[in-house]
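Asks: Please find one structure pasted underneath; my questions will follow.
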Amino acid sequence: MNAYARILPYLWPYRRALVLSAFCALAISFFWAANLSATLPVVELLFKGKSLHTYVDDKITEYQGEVDEQQRVADAERDDPHKLDRALRKGHAAAYRVSLLTMVRDQLMPWVPQDNFRTMCLVLLGLVIGTVFKGTFIYLEDILVGDAINHVIIDVRKDCFRHALNMDYQSLSANGSAHFTSRLVNDIEVLGAGLHAMLIRVVREPLKAGGCILFAFMVNWRLTLLSILVMPCLGWMLHRFGRSLKKASHGTLESITALQKALTETFDSAKAVIAFGNGRKHRNQFHHANKFYWSKARRVLRLSSLSRQLSELIGVAAVLAAVFPGSYLLLNQTDTFLGIQLSEGVPDEAQLALLYGLLAGTLDSIRKMSSVNRELRRGSAACERVLEIIDQKTQVPEPAEPRPMPRLSSRACGVQEAGGEGAVESGVVPRSFEIRFEGVVFRYFSHTKDGVTRPPALNNVDLTVRQGEVVAVVGANGSGKSTLINLIPRFFDPDTGRVLIDGVNIREVSSRELRSRIGIVSQETLLFDDTIFNNIRYGKMDASNEEIEQAAQQAHVMPFVAQLPDGFDTMIGEKGMKLSGGQRQRLALARAIIRDPDILILDEATSAIDAQSEQIIHNVLKSFVKDRTVFIISHVFNETFLDLVTRIVVMDNGRVVATGTHVELLASCPTYQRLNQANGITKAA
Ligand code: ADP
Ligand code: MG
């Protein structure tokens, strides 16, 4: 239950509504018990044919007789203090009843008709009015609490989403999208239902039961007490079942995540599914996920049904604890059962009927409480899963006091050339800006069960890239090229070693500022279901139309936009499905170009572009890369590409094995020679 305690801060802003709703719940419990109390006059009128006037008068006479009787006993037993005390107490109780009933006779009875049928009509009218009032308060409570909970759900959802977005890339991708969507959509909904159960049912039902018990106490406190003695059993049972229910609920929520995962994976890779004709395999996977869900849901179903029946049984036992001795008293015309006094005088039918009516009213609440138990535990399980997101720490923390980001590009600080006039004017001492990897070691999360760690993806990498360089990173698949450049925008941080920009560790600057200087085009183009225009604008949200068009020109997007009927306003579909691979890459390039980045990273960015467009783009890049620091990962070493790059970094097995120009490497680096032979290109010196 302490998971709910963590939600309290979210409820706090709505405290006024919740306090009001508690008042509504009080009113509801009053009207609930009052309505049930109509049993008394109904029994008197219908079954005994007695008018209420006669009933009240009879009762007054009866209790007055009791007062006189006890007075007599008291007079007779003056010598026995114990008996005297008892007689006096009984006398006081009877006198109290007499005064209460006299008040009813004088204040209330003049309003009650003498005619029995009319009285009955009045009672029924009272019942209707009571029900209308009760309904109104229930409506008010539902609205007050429901609105507050909907707000809380939205607030928690927003908070979760914010936390998820602040998470590092590796954690995000390790958890997978189903992990987040099922928590953000389904679990928060279940949490809402749990809160609803807590704020409405947990307040309303015990109050209703409490109201009934209070009224029942006034009718016969001894019998009511007998009934209440059974209640701890119920509490214990609800608690025991609650724990199992929570565990089972964790299981169902987990299984819903599995279902969602099976679905998203299939539809995300629909093309592969169709092409390989492996629908059956996915149906199987889905079937297993469904079966998993079924087994978990079955457990919740059984537990909750069992707990409902058991609590009903305990409730009936509670009523019986009063009914059984009560019937004995009435049928044997006595006030003691097994030597214990259970009533002030012999109870009459109407009194017992009222008592049972009120206890049955308690039973109804108890039954509802057990289904509340289920909602509460489910909500608590969901709450824990939601809090997991809020509690998860990012692996790429922001610095507490970020250092200013060094100016990497001379364009950015108005310096034309190192040592030029601009530098002197702006007071910046011109330096050679650089990006430096120092002793970098990096391992991806390892998920192996036996704890065997993966070999490091980067193993002691040292590399310095000066500002203005266009560095090609080459190497076999899996040699660590992407991992290396992903360190620059801090997709993850190195395990040991550091990445410095102009001498400042990038962990010490604001990642927002760092990333604002970087433009990335990766192999997966990662576009959004929006227009071409807006997808380019994603790179710089405040870009003007001219800037967007210019970036589109540079990335060679214009030729295909011109052919589309809607031009820039063409919707490109989910993940850019409606474009070809090459078109998507050009769009992604435009998005990176419009950022006007100091550091440009192209990770196999032109792999899907045709040779002719690639050459054009390389030529465009040639002017664009001026004064920027550029990393290009590519497998194709054609002439325009080699013209573009100023230095080549060769990677093998997570290490930088050599750096140099094409000619130098051809002469000295066997790894590079092998890569080149595979490409069939050997550019002349
Ligand atoms: P490439 O040079 O082809 O770009 P990468 O840098 O992508 O190579 O990968 C280097 C190594 O790290 C590979 O052995 C790969 O299996 C591993 N790797 C890459 N991404 C992940 C990941 N998200 N989780 C675990 N291992 C990964
Ligand atoms: Mg790669």
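The values are calculated or read from the model by the stated rules, or taken from the named source; none is laboratory data. Since we're looking at a predicted model, the values are computed, not measured. Neighbour counts are summed over all protein chains in view; Cβ atoms, including those assigned to glycine, are modelled from backbone coordinates with ideal geometry. Just the protein is used for accessible areas: all its heavy atoms, side chains included, with ligands, DNA and RNA removed. Shrake-Rupley method; radii C 1.70, N 1.55, O 1.52, S 1.80 Å.
Asks: Using only the Cα atoms of the range 565-638, build the gyration tensor, take square roots of its eigenvalues as a ≥ b ≥ c, and label the shape rounded, prolate or oblate: rounded if a/c is under 1.5, else prolate if a/b is larger than b/c, else oblate.
Replies: prolate
Asks: Still on this model: State the extension gain, in nm to one decimal, for the chain segment bounded by Arg15 and His635, taking 0.36 nm per residue of separation less the distance between their alpha-carbons.
Replies: In short, 217.0 nm is gained.
Asks: Given R₀ = 56 Å, what would the calculated FRET efficiency be for Gln553 paired with Asn290, taking r from the Cβ atoms and rounding to 0.05?
Replies: Efficiency for this residue pair is about 0.65.
Asks: Could you pull out every one of the lysines with an alpha carbon less than 29 Å from that of Lys48, ignoring same-chain neighbours closer than 8 positions?
Replies: Lys59, Lys90
Asks: Next question. Of Val323, Leu387, Val504, which is farthest along the charge dipole of the chain in the positive direction, counting Lys and Arg as +1 and Asp and Glu as -1 at C-beta?
Replies: Working it through, the farthest residue towards the positive pole turns out to be Val323.
Asks: State the antiparallel share, in %, of DSSP beta bridges confined to the chain, rounding to the nearest 5.
Replies: 50
Asks: Oh, and also: Roughly how many whole Å is it from the C-alpha centroid of the range 311-390 to that of the range 16-63?
Replies: Centre-to-centre (Cα) distance: 18 Å.
Asks: What aspartates and glutamates does Lys246 reach when the alpha-carbon gap must be under 15 Å and sequence neighbours fewer than 8 apart in one chain are set aside?
Replies: Asp187, Glu254, Glu375, Glu384
Asks: On to the next question. How much length is gained if the chain between Arg283 and Ala476 is pulled fully straight, taking 0.36 nm per residue apart and subtracting their Cα-Cα distance, in nm to one decimal?
Replies: Going from the current span to full extension adds 65.8 nm.
Asks: While we're on this one: Using unit Cβ charges (K, R positive; D, E negative) and no other charged atoms, how large, in debye to the nearest 20, is the dipole of the chain about its Cα centre?
Replies: Values: 77 positive and 72 negative charges, 351 e Å.
Computed about the Cα centre, the dipole is about 1680 debye.
Asks: Quick one: go through the range 493-524 and flag any residue whose amide nitrogen is under 19 Å from the point 7 Å out along the Cα-to-Cβ line of Thr464.
Replies: Counting only backbone N, you get 497-506.
Asks: Mind running the shape call on the range 1-54? Use the C-alpha gyration tensor, a ≥ b ≥ c as the square roots of the eigenvalues: rounded below 1.5 for a/c, prolate if a/b tops b/c, oblate otherwise.
Replies: Cα axes put the range 1-54 in the prolate bin.
Asks: Give the calculated FRET efficiency between Val104 and Lys247 to the nearest 0.05, with a Förster radius of 51 Å applied to their Cβ-Cβ distance.
Replies: 0.45
Asks: Here is a further query. To the nearest 10 degrees, how steep is helix 349-391 against the longest Cα principal axis of the chain, on a 0 to 90 scale?
Replies: Taking the Cα atoms of the chain, the angle to 349-391 is about 10 degrees.
Asks: May I ask you to list the residues of the range 523-543 whose amide nitrogen lies under 20 Å from a point 7 Å from Cα along the Cα→beta-carbon direction of Ala608?
Replies: 523-539
Asks: Quick check: residue separation of Asn653 and Val441 times 0.36 nm, minus the Cα distance between them. What number comes out in nm?
Replies: Details: separation 212, 0.36 × 212 = 76.32 nm, distance 1.21 nm.
Additional length available on full extension: 75.1 nm.
Asks: Put a dot 7 Å past each Cα toward the Cβ at Val128 and Arg89; how far apart are the dots in nm?
Replies: Result for the modelled spin labels: 4.7 nm.
Asks: Hey, rough spin-label estimate for Lys158 and Ser177, points 7 angstrom out along Cα→Cβ, what's it come to in nanometres?
Replies: Roughly 2.5 nm, to one decimal.
Asks: Evaluate the relative contact order of the range 581-684 (contact order divided by residue number), counting alpha-carbon pairs under 8 angstrom at least 6 apart; express in whole percent.
Replies: Numbers: 98 pairs, mean separation 22.4, N = 104.
Relative contact order of the range 581-684: 22 percent.
Asks: Rounded if a/c is under 1.5, else prolate if a/b is larger than b/c, else oblate: which is the range 6-100, with a ≥ b ≥ c the root eigenvalues of its Cα gyration tensor?
Replies: Because a/c hits 1.5 or more and a/b fails to exceed b/c, the range 6-100 counts as oblate.
Asks: Given an 8 Å cut-off on Cα distances and at least 6 residues of separation, report the relative contact order of the range 528-596 as a percent.
Replies: 55
Asks: Given points 7 Å out from each Cα along the Cα-Cβ axis, report the Asn150 to Asp530 separation in nanometres with one decimal.
Replies: 2.8
Asks: Then there is this: Could you compute how fast the range 528-596 diffuses translationally, taking Rh as the Kirkwood radius over C-alpha pairs and applying Stokes-Einstein at 25 °C with viscosity 0.890 mPa s? Give it in µm² per second. Provide the component values of the computation, followed by the final result.
Replies: Working: Rh = 11.4 Å.
D = 214 µm²/s.
Asks: A follow-up question, please. Could you give me the radius of gyration and the Dmax of the chain, taking only the C-alpha atoms into account and expressing both in angstrom?
Replies: Reported Rg and Dmax, both Å: 40.1, 134.
Asks: To continue, here is another question. Take the solvent-accessible surface of the protein heavy atoms, probe 1.4 Å, and return the percent of it on the chain that carbon and sulfur atoms account for. Mind showing how you got there, number by number?
Replies: Numbers: 20590 of 35350 Å².
Answer for the chain is 58 percent, counting heavy atoms of protein chains only.
Asks: A follow-up question, please. Using a 1.4 angstrom probe, figure out how much accessible area the range 528-596 has per residue, in square angstrom, rounded to the nearest whole.
Replies: Numbers: 3480 Å² over 69 residues.
Averaged over the residues of the range 528-596, the accessible area is 50 Å².
Asks: With a probe of 1.4 Å, find how much accessible area the range 230-293 has per residue, and write the answer as a whole number in Å². The partial results should precede the final answer.
Replies: Values: 4160 Å² over 64 residues.
Accessible surface, normalised per residue, equals 65 Å².
Asks: Moving on to the next point. At 1.4 Å probe size, what's the solvent-accessible area of Tyr14? Round to the nearest 10 Å².
Replies: Roughly 50 Å² of Tyr14 is accessible to a 1.4 Å probe.
Asks: Go ahead and estimate [θ] at 222 nm for the chain from helices alone: -39,500 (n - 2.57) per DSSP H run with n ≥ 4, summed, over the residue count, rounded to 500.
Replies: The helix contribution divided over the chain gives -20000 deg cm²/dmol.
Asks: Relative contact order for the chain: what percent, with Cα pairs under 8 Å and sequence separation of 6 or more? If you can, show how the numbers build up before the last one.
Replies: Working: 983 pairs, mean separation 89.7, N = 685.
Computed value for the chain: 13 percent relative contact order.
Asks: Among 328-339, 504-515, 261-272, 620-631, how do they line up from the highest to the lowest mean number of other beta-carbon atoms within 10 Å?
Replies: Ranking, from highest mean packing down: 620-631, 504-515, 261-272, 328-339.
Asks: Set the bar at 25 Å for Cα to Cα. Now go through Lys271/Lys296; Lys540/Lys626; Lys158/Lys208; Lys271/Lys578 and name every pair that lies beyond it.
Replies: Lys271/Lys296; Lys158/Lys208
Asks: In addition: Rounded to whole Å and sorted largest first, list the principal axis extents of the Cα atoms in the range 175-259.
Replies: 62, 22, 14
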